[in-house]
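A.B. asks: The structure is given below, and queries will be raised subsequently.
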């Protein structure tokens, strides 16, 4: 199948062009051996079906970072390239175009954001450009769809360009081309541009960021709880539970297979929180408890991304983050982690260096509680929720900062300085948003559910073999001595390996004091990732780094728990 | 008389022309690709506390640069505020 590559700078609306060319059957793929992900889909023109690949945005083919190296590799494997350029930033876009021309592969240009250019007083003579470069140059406005038809119709005209130039004259050549094809008309700053500028000035930007984040999290909570309350819980109760009860009876209400699949019947009933069967807890937890929040988080992230706010947020926090050894963009994994640690850790791939990914992933699994865990902590605090949450969350924040500072000093490797283009504010295009969210959800379901199932399975086996009880007996004195928690809390901590929120639930009937509840919440968040996160960490960090991270986790939880026990 | 200062010392709102960039090959390539080269005019949008990034505007594009990088880009102020 012919491979069509969409290449261009970041923020050129390449993805929108991609969405226009492909249908709903698009997938996120990972370029083997790298942390670079890309989307691909299929397109049909007449009788022929072709593969379309959205190559991650690059400014040039020089191998200066991993994304660019991968872009070059993907370029070599493609048959035809559609170079998407930004009509509002033609000079910059032509840098990549010039490099692509030198490679002499079938090439054509889509001049995107054509409408925006007009608004900005920029007019480009597309036909003149086409004459100079010798390849089809099609003006497009991917958001409205204008030009896309012409793009697909002229696909067959894409040919290896004959245009030539000397490398050291590249910018002069580009300047020349601009002079011949582009005309600028002065116009005033729009409101959107002014807003864009002040969003990054700390005096205004930081309060704005707090407001934006506050609203964002409220929306996520609303979506998450709404889905759980109105869709998933009733759905499970009415449709799935009867089915499971019937299966349970069929399997004789007990026995090995029954316990693996259905788990333990709590008072003759299936309790999704405590039964631990593959088909009960294993299915309910990722779909009924985690997915709703992940869904909300993906919506929030996609909106912030598409309207152009995300890079500005990253810039505001970058100063602080760099003292912790990570990049401003690490704010994304941290935010996602507040929904579910799994997509949070998976998104650390956007960070360039191994050191940054290690620090970000470790900080995330130690100090960032997921939505399910948070909900249960709130429940556990009961009437003391204000004081309890403030102290618990405050402690986690302090731990996050101090641990970050420590790791920044001790972890070897480099962290790159921030270097990113900040796009203008744009109104998100709904169809793109929906497609993006759909792709992400689909990917999460495929990637996360198997892990949770694996975890439930493992915990069940361990329980049946008595290993969990064995470990419990020997760690109990440590836990009560160091943390000041009753021996019964040990069971909760062990269960916390599977599901932290379930563990918190097990603490409720123990009638702990406020101090104990705070310590228990903090310890549970910090001490060990839930099994899904654990599996994801092994995959992303590799086993050796995972062991290092685990050591850091255990050390910090013992220290922090002890300190809390002493000072509260 | 013209002032020659680095991007980090520019005041937000000032415009200047780049006269020198103290960078290695990698840094120059990155900057080059975004149109940040000697001779180009840049406008400083803002700076951030705690050694945070500097945001500049060049030819219609806004770019955020790390403090260390911004410190090594020298401009001559043309229109002091």
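All of the numbers you see were taken from the coordinates with simple rules; none came from a lab. Quick caveat, the model's predicted, so the values are computed rather than measured. Using ideal geometry, Cβ is built from the backbone for each residue, glycine included, and neighbour counts are taken over all protein chains shown.
A.B. asks: Just subtract the alpha-carbon distance of residue A:170 and residue A:230 from 0.36 nm times their residue separation and send over the number in nm, one decimal. If you can, show how the numbers build up before the last one.
C.D. replies: Values: separation 60, 0.36 × 60 = 21.60 nm, distance 5.98 nm.
Contour length minus Cα-Cα distance gives 15.6 nm.
A.B. asks: Still on this structure: Convex hull volume of the Cα atoms in chain B, per residue, in Å³? Could the numbers behind the result be given before it?
C.D. replies: Values: hull volume 6.4 nm³, N = 81.
That works out to 79 Å³ per residue.
A.B. asks: Still on this structure, I have one more. For chain B, what does the helix formula give at 222 nm: sum of -39500 (n - 2.57) over DSSP H segments with n ≥ 4, over the residue count, nearest 500 deg cm²/dmol?
C.D. replies: On the way: 2 runs with 14 residues, N = 81.
Calculated mean residue ellipticity at 222 nm is -4500 deg cm²/dmol.
A.B. asks: Using label points projected 7 Å from each Cα along Cα→Cβ, tell me how many nm separate residue B:76 and residue A:25, to one decimal.
C.D. replies: Label at residue B:76, label at residue A:25, 6.2 nm between them.
A.B. asks: Moving on. Which distance in Å, rounded to a whole number, links the C-alpha centroids of segment A:133-203 and segment A:286-316?
C.D. replies: Using only Cα atoms, the two centres lie 30 Å from each other.
A.B. asks: Next question, about the same structure. Partner chain Cβ atoms within 10 Å, averaged over the residues of A:197-205 - can you pull that number for me?
C.D. replies: 4
A.B. asks: For segment B:28-52 and segment A:527-565, what is the separation of their Cα centres, given in Å?
C.D. replies: Cα centroid of segment B:28-52 versus Cα centroid of segment A:527-565: 39 Å apart.
A.B. asks: From the helices alone, meaning DSSP H stretches of at least four residues, give me the mean residue ellipticity at 222 nm for chain A, per-run term -39500 (n - 2.57), in deg cm²/dmol to the nearest 500. Present the calculation step by step, with values, prior to reporting the outcome.
C.D. replies: Details: 26 runs with 331 residues, N = 568.
Value at 222 nm, helices only: -18500 deg cm²/dmol.
A.B. asks: Right, here's the next one. Could you calculate the contour length gain from residue A:427 to residue A:555, that is, 0.36 nm times the residue separation minus the distance between their Cα atoms, to one decimal place in nm? Write down the numbers at each step before the final one.
C.D. replies: On the way: separation 128, 0.36 × 128 = 46.08 nm, distance 4.64 nm.
Additional length available on full extension: 41.4 nm.
A.B. asks: How far is helix A:170-181 tilted, in degrees, relative to the longest principal axis of the Cα atoms in chain A, given as a value from 0 to 90 rounded to the nearest 10?
C.D. replies: Value to nearest ten degrees: 70.
A.B. asks: Follow-up. At R0 = 56 Å, how high is the FRET efficiency between residue A:241 and residue A:412 if r is their beta carbon distance? Nearest 0.05 is fine.
C.D. replies: Computed FRET efficiency for residue A:241 and residue A:412 comes out at 0.60.
A.B. asks: To continue, here is another question. Cut-off is 10 Å between beta-carbons; in what order do A:293, B:25 appear when sorted fewest neighbours first? Numbers along the way, then the final one.
C.D. replies: Working: A:293 24, B:25 9.
The fewest-first ordering by Cβ neighbours comes to B:25, A:293.
A.B. asks: If you take the beta carbon distance between residue A:51 and residue A:323 as r and set R0 to 56 Å, what does 1/(1 + (r/R0)^6) give as a FRET efficiency, to the nearest 0.05?
C.D. replies: Values: r = 44 Å, r/R0 = 0.79.
Between residue A:51 and residue A:323 the formula returns 0.80.
A.B. asks: Between residue A:104 and residue A:547, what length in nm is gained on full extension when 0.36 nm per residue of separation is reduced by their alpha carbon distance?
C.D. replies: Details: separation 443, 0.36 × 443 = 159.48 nm, distance 4.79 nm.
Gain on stretching residue A:104 to residue A:547: 154.7 nm.
A.B. asks: Hey, another quick one. With both partners inside chain A, how many of the DSSP beta bridges are antiparallel, as a percent to the nearest 5? Please list the in-between numbers first.
C.D. replies: Values: 18 of 36 bridges.
Looking only at bridges with both residues in chain A, the antiparallel portion is about 50 percent.
A.B. asks: Using alpha-carbon positions, what is the distance between the centroids of segment A:480-499 and segment A:370-410, in Å?
C.D. replies: 17 Å
A.B. asks: Rg and Dmax of segment A:3-184 over Cα atoms: what are they, in angstrom?
C.D. replies: Rg, Dmax (Cα atoms, Å): 15.5, 45.
A.B. asks: Mind checking A:419-432 for the average number of partner chain beta-carbons within 10 Å of each residue's beta-carbon? Could you put the intermediate results ahead of the total?
C.D. replies: Details: counts 11, 8, 6, 9, 2, 3, 0, 0, 0, 0, 0, 0, 0, 0.
The mean count of partner-chain Cβ atoms within 10 Å per residue comes to 3.
A.B. asks: How far is helix A:371-381 tilted off the main Cα axis of chain A, in degrees rounded to 10, range 0 to 90?
C.D. replies: 40 degrees
A.B. asks: How would A:340, A:141 line up from fewest to most surrounding beta-carbon atoms within 10 angstrom?
C.D. replies: Working: A:340 26, A:141 20.
Lowest to highest Cβ neighbour count: A:141, A:340.
A.B. asks: Let me ask something else about it. For segment A:1-48, rounded, prolate or oblate, judged on the Cα gyration tensor with a ≥ b ≥ c (square roots of eigenvalues), a/c < 1.5 rounded, else prolate if a/b > b/c?
C.D. replies: On the way: a/c = 1.95, a/b = 1.33, b/c = 1.47.
It comes out oblate by the Cα gyration axes.
A.B. asks: State, to one decimal in nm, how far the label point of residue A:222 lies from the label point of residue A:187, with both points 7 Å from Cα in the Cβ direction.
C.D. replies: 3.4 nm
A.B. asks: Viscosity 1.567 mPa s, temperature 4 °C: give me the Stokes-Einstein translational D for segment A:95-157 in µm²/s, with Rh taken as the Kirkwood radius over C-alpha pairs. Walk me through the intermediate numbers first.
C.D. replies: Numbers: Rh = 12.4 Å.
This corresponds to a translational diffusion coefficient of 104 µm²/s.
A.B. asks: Computed from the mean reciprocal separation of all distinct C-alpha pairs, what Kirkwood hydrodynamic radius does segment A:420-489 have, in Å? Provide the component values of the computation, followed by the final result.
C.D. replies: Details: mean 1/r = 0.0591 Å⁻¹.
By the Kirkwood definition, the hydrodynamic radius is 16.9 Å.
A.B. asks: Using Cα atoms only, what is the angle between the long axis of helix A:543-567 and the major principal axis of chain A, expressed in degrees (0 to 90) to the nearest 10?
C.D. replies: 50 degrees
A.B. asks: Taking every alpha carbon pair in segment A:202-567, what does the distance histogram look like in 20 angstrom bins from 0, in percent?
C.D. replies: With 20 Å bins starting at 0, P(r) equals 28, 59, 13, 0.
A.B. asks: Quick check: from the Cα gyration tensor, does segment A:302-355 come out rounded (a/c under 1.5), prolate or oblate? Display every interim value, and only then the final one.
C.D. replies: Working: a/c = 1.72, a/b = 1.05, b/c = 1.64.
Oblate, since a/c reaches 1.5 and b/c is not below a/b.
A.B. asks: Under the classification rounded if a/c is under 1.5, otherwise prolate if a/b is larger than b/c and oblate if not, where does segment A:1-101 fall, given a ≥ b ≥ c as square roots of the Cα gyration tensor eigenvalues? Kindly include the intermediate steps, with their values, before the conclusion.
C.D. replies: Numbers: a/c = 1.70, a/b = 1.27, b/c = 1.35.
In terms of gyration-tensor shape, oblate.
A.B. asks: Also: Provide a whole-number value for the mean count of partner chain Cβ atoms within 10 Å of the Cβ atoms in peptide B:42-55. Write down the numbers at each step before the final one.
C.D. replies: Numbers: counts 0, 1, 0, 7, 11, 4, 13, 5, 7, 5, 13, 13, 2, 8.
Shielding by partners across B:42-55 averages 6.
A.B. asks: Let me ask another. The protein assembly as shown: Rg/Rh from Cα coordinates, Kirkwood Rh? Mind showing how you got there, number by number?
C.D. replies: Working: Rg = 27.4 Å, Rh = 27.0 Å.
In the protein assembly as shown, Rg relative to Rh is 1.02.
A.B. asks: Right, something else. Using a simple spin-label model with points 7 Å from Cα along the Cα→Cβ vector, what separation in nm is obtained for residue A:203 and residue A:445?
C.D. replies: Using points 7 Å along Cα→Cβ, the separation is 5.0 nm.
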